[in-house]
Amino acid sequence: MTGITKPRSWFLSVALWIALVGALVVCFTLINKAGGGSPSWVVGLIVSWLPFVVLVGVWVWLSRRHWRGSSGTSWVDLCERQVVETQRTNALLERIAAALEKHSAS
């Protein structure tokens, strides 16, 4: 089953994402209660860069998924198969044309 995401791996990814978001919410809540002031520079860095990193990650995942056919075969393999099939068709058409020429000449 290449090219198809297994339900277990998809579930694991979603569970890890939910755990990460939950941990960040708890972290922000504890920092705001304890300090009473502005969050530290680490929290500010995470808040500012996390959406960008997630966006890049989703883009990479979608682009890798896009380069696969519905059967899980890469586009390069599909194109190579198409070239082989076209060459086979051309050879058959040449045989038909040669047979027609031979038949019309007699």
Taking region 8-65 and the residues there that are among the basic types (Lys, Arg) and within 30 Å of residue 76 (Cα to Cα), the one that is modelled with the highest pLDDT would be 64
So, first residue among the hydroxyl-bearing types (Ser, Thr, Tyr) and surrounded by 10 or more Cβ atoms within 10 Å (Cβ to Cβ) in region 19-41, second residue in a helix (DSSP H, G or I) and at pLDDT 70 or above, Cβ within less than 9 Å, six or more apart or across chains; the pairs are 38/44
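The values are calculated or read from the model by the stated rules, or taken from the named source; none is laboratory data. Model, not experiment: these values are computed from the prediction. Note: ideal-geometry Cβ built from the backbone for every residue, glycine included; neighbour counts use all protein chains shown.
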